[in-house]
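**Student:** The structure's right below; bear with me while I get my questions together.
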Amino acid sequence: MSLIILLNLLVVGLLFAVILVLVVKYCYRRPDPGQAIVVMTGRGTRRAFFRSTMVLPLIHKSWFVDTTIKTLVIEPEPGELLRTKDDQPASYKVHAHVKINQTTDDVIKAVDSLGCERAADPKAVMELLRPSIVAAMKTAAREQTFADLRHDPLPFVNDTYHELGTNLVGFVVDELVVESVTRAGVEGETGPFR
């Protein structure tokens, strides 16, 4: 009698262990480096995780979000020339390296503004962030003369960072590289910066 009870307990224990392994296998989510996982509970609250988490089917929904750096090449469109302190119109080519900030709140902000799939699309990120970056560059350029802007762009870049602040709906400018600055309407007067 005790042997039958022992065998039943062993079978039940093995069955429980197999079910536990299957649940962990199908519910355990781990984002790759450069990703976050956004989990929405049944009550509608969302949280972002940068490490592994359990996602329970029928209770949670989950999406992966790309948090890697995206390079935005910003050149002036009509009406977007920079005006310097000495009132010179300046054309520019700037590379902005942006990414989603690695905090839960910022990932949620980025997902709210773009969605999980579009946050990985550089064109969608450009549409969202370009107006803010150009406005910050215009404000920063008003503090520099054209000669200073061409020969030493570092104060311009620092002022642009200051103007941008943290108002980029979850994104952060990792690096801003001024490739060239030209006087608008004058060809061949470029200032390469790297």
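The values are calculated or read from the model by the stated rules, or taken from the named source; none is laboratory data. Owing to the predicted nature of the structure, the values given are computational and were not obtained by experimental measurement. With ideal geometry, Cβ positions are generated from the backbone for all residues, glycine too; neighbour counts draw on all protein chains shown.
**Student:** Go through the stretch 96-117 and count every residue that is assigned to a helix (DSSP H, G or I) and among the polar types (S, T, N, Q).
**Tutor:** Summing the residues that are assigned to a helix (DSSP H, G or I) and among the polar types (S, T, N, Q) in the stretch 96-117 gives 2.
**Student:** For a quick check of your reading: which helices (runs of 4 or more DSSP H) sit entirely within the stretch 118-183 and have at least 2 residues that are over 30 Å from Val65 (Cα atoms) and touching a residue at least 40 places away in the same chain (Cβ under 8 Å)?
**Tutor:** 122-141, 146-151
**Student:** Which one of these does Pro33 not meet: (1) surrounded by 10 or more Cβ atoms within 10 Å (Cβ to Cβ); (2) modelled with pLDDT of 90 or more?
**Tutor:** That leaves (1) as the condition not met.
**Student:** Just to check your reading of the model, which residue among Leu10, Leu15, Leu58 is at positive phi and not assigned by TED's automatic domain parsing to the domain that holds Val178?
**Tutor:** So the residue among Leu10, Leu15, Leu58 that is at positive phi and not assigned by TED's automatic domain parsing to the domain that holds Val178 is Leu58.
**Student:** Tally time: how many residues in the stretch 122-136 are of a type in the set (Val, Ile, Thr) and more than 13 Å from the chain's Cα centre (by Cα)?
**Tutor:** Of the residues in the stretch 122-136, 2 are of a type in the set (Val, Ile, Thr) and more than 13 Å from the chain's Cα centre (by Cα).
**Student:** Then there is this: Of the residues in the stretch 51-75, how many are within 19 Å of Lys123 (Cα to Cα) and at pLDDT below 90?
**Tutor:** Going through the stretch 51-75 one residue at a time, the tally reaches 0.
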